[in-house]
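Remarks on the structure that follows.
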Amino acid sequence: MPMTADDVVNAVVALTHRGWSQRRIANDLGLSRGRVRRIQDRNRRQRQSGHSTLPTPKKRRRRMLDLHEPFMEGQLETYPDITAVKMHEKLAREGFDGGMTAVKDWLRARRKQPKKEPVRRFETGPGEQGQMDWSPYGFEFSDGTEAKLECFSLVLCFSRRQYIDFCEHQDFYSLIRHHVAAFEYFGGVMQEILYDNQKTVVIRWELGTPIYNVRFLAFATHYGFRPRALPPRRPELKGKVEALFQYVEGNCLNAETFRNLAHLREHARWWMQNTSDLHIHDTTGERPIDRFQRERDHLMPLPRRPYDTAEVGYRVISEEGFIEWDTVRYSVPYAHILELAIVRDTGEEIVVYGPDVSEIARHERAPRGHEPVVEPAHHPRKVRRNDIDVLTQRIGELGDVGVEFAAGVLRTQRCRGAHLAQVLAYTAHYALDDLVRALQRAVRYGSYDARTVLRILQTTAQTRTLPDTSVVAANQRLAAVAAQAGVTPRAIDDYARALRKKKP
């Protein structure tokens, strides 16, 4: 049987202690005298310096980069955030002709990332805490449509009972609507809820302190819970809700086919009650619904009236009798064409109100990209695209100048309906007072033409957008930021004087 390397070393050392010469050992074991001598020397050094079970570190070969280490140390001290590309460029000017990999490795070794502190699992008492998050999913429905949807999840940390739902957006209104639905599903509210850095909750951080979205704070105040934003890039701090998304993917959505979004949401509600609530949780060893019985009485009660989560905006009813909301057209009674209407989106319904805030239409909300939603009673008969009688009546509501302008259009224009409809459509971009003044000027000069009215508006009036809850909130945020900046705008004359100055 051939000897292993360890056997050879052991035999050489044993024969050496017997007093054999190097030549005799080499001839007996079939080795070279040089190998015998190296084994004897290594054994002698080991006996003198001591023995260690640790492997002997390999000697690093001298590299071309070693000659430039003093220069690199100086650059890193002066510019702590210097990149590998920039360091390589500077080294090339110093005569280094090596590659980029060695420079990257050198910088990586000097910039050792601080180790993250281990996350300790902690448990909270009944009703003390909840965790909320979003997760995106792509679906191919059996009706042939595709959709990218967001899954909302809110979990009670003590019982691990969770609420999930799917929607198209991750905006502010979707966030608070699903919160309200989750609170009603649980029958109460937890004392605090953990969030990541979603803009609908946290606007920004200042010196490690989160600056919360004031609209979301108003919502939280209505229900009495305290939002708690987690530091950036620390999702493991809300691991309870993060782990439950894996359960949703592997159990609720796995091996399932859905007809459409409505079918998916219906399946999610069934799954929460018949699977999620009844399974044995790996950590607690109990069913969430059983632990929830001990948590139910610790939840804060719901307010008598829920928070109004509707989105509101103004729209001009088109000459065809439709308003457009979130890319979908909804029918309105034809008698209200080209009126300035108020639209209220509750998430489930679209309600349209007239200028006097009386309801004129109500529809079930359709998903984005849906075909027009038409109520047959709104358009009982086949009407012309531009009904002269209705348009004349609508423009006459602007006052005597409207009646006079409409009569002039009927006398002088061939496409009378188109001119009247176009003038009324300007209310989407200009105030009614400005439109009336423009009509007065057009009548004074005897120009009964929609293009003339537009030119007058462009030169005498300022355009404006129709009021919308999202626009109002954006303007409020811009005003707050401008106030914090404390910058006073300069007059245009100051810039003109600076431009007129000649260079010396």
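The values are calculated or read from the model by the stated rules, or taken from the named source; none is laboratory data. Predicted, not measured: the structure shown is a model, and the values here were computed from it. Cβ atoms come from the backbone with ideal geometry, glycine included; neighbour counts cover every protein chain shown.
Under the condition of being in a loop (DSSP other than H, G, I, E, B) and of a type in the set (A, V, I, L, M, F, W, C), which residue from the stretch 268-282 is surrounded by the fewest Cβ atoms within 10 Å (Cβ to Cβ)? Top of the filtered list is I280.
So that you can scan it fast, the table gives a plain yes or no per residue for (1) in contact with a helix residue (DSSP H, G or I) (Cβ under 6 Å, 6 or more places away or on another chain); (2) in contact (Cβ under 8 Å) with a residue 24 or more places away in the chain:
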position	(1), (2)
V248	no, yes
W270	no, no
S276	no, yes
D308	no, no
E319	yes, yes
Y330	no, yes
Y334	no, yes
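Looking at A243, A262, A255, just one residue is on the phi > 0 side of the Ramachandran plot and free of Cβ contacts under 8 Å to residues at least 60 places away in the same chain, and that residue is A255.
Among the listed residues L410, L338, L420, L435, identify the single one that is over 27 Å from F166 (Cα atoms) and in contact (Cβ under 8 Å) with a residue 60 or more places away in the chain. First the steps, then the outcome.
On the way: L410 fails: in contact (Cβ under 8 Å) with a residue 60 or more places away in the chain; L420 fails: in contact (Cβ under 8 Å) with a residue 60 or more places away in the chain; L435 fails: in contact (Cβ under 8 Å) with a residue 60 or more places away in the chain.
One residue alone meets the criteria, L338.
Count of the stretch 166-219 residues, restricted to those that are more than 23 Å from C252 (Cβ to Cβ) and of a type outside the set (D, E), is 27. Restricted to the stretch 204-230, and to residues there that are surrounded by fewer than 20 Cβ atoms within 10 Å (Cβ to Cβ) and among the small types (G, A, S), the residue that is modelled with the highest pLDDT is G224.
Tell me, which strands (runs of 3 or more DSSP E) lie completely within the stretch 135-203 with 3 or more residues that are crowded, with 22+ Cβ neighbours inside 10 Å and in contact (Cβ under 8 Å) with a residue 24 or more places away in the chain?
Numbers: elements: 146-156, 162-167, 192-195.
Once the strands (runs of 3 or more DSSP E) in the stretch 135-203 are filtered for at least 3 residues that are crowded, with 22+ Cβ neighbours inside 10 Å and in contact (Cβ under 8 Å) with a residue 24 or more places away in the chain, what remains is 146-156, 162-167.
What residue, of R291, R304, R296, R269, is closer than 16 Å to G187 by Cβ and in contact with a Ser or Thr (Cβ under 8 Å, 6 or more places away or on another chain)? When all the criteria are applied, what remains is R291. Do you know which of the residues in the stretch 314-345 that are among the β-branched types (V, I, T) and surrounded by 18 or more Cβ atoms within 10 Å (Cβ to Cβ) is nearest to D389 (Cα to Cα)? Filtering first and then ranking leaves I337. L398 meets each of the listed conditions (1) crowded, with 18+ Cβ neighbours inside 10 Å; (2) among the aliphatic types (A, V, I, L, M); (3) touching a Lys or Arg at 6+ places or on another chain (Cβ under 9 Å) apart from (3). V328: more than 25 Å from the chain's Cα centre (by Cα), among the β-branched types (V, I, T) and not assigned by TED's automatic domain parsing to the domain that holds A421, yes or no? Against the criterion (more than 25 Å from the chain's Cα centre (by Cα), among the β-branched types (V, I, T) and not assigned by TED's automatic domain parsing to the domain that holds A421), V328 does not qualify. Among the residues of the stretch 323-366, just one is under 22 Å from L435 (Cβ atoms), outside any strand (DSSP E or B) and modelled with pLDDT of 90 or more, namely V332.
Residue pairs whose Cβ atoms lie under 7 Å apart, sitting 6 or more positions apart in sequence or on different chains, and linking a residue in the stretch 26-38 that is farther than 10 Å from V12 by Cα to a partner that is loosely packed, with under 12 Cβ neighbours inside 10 Å, are R33/R23.
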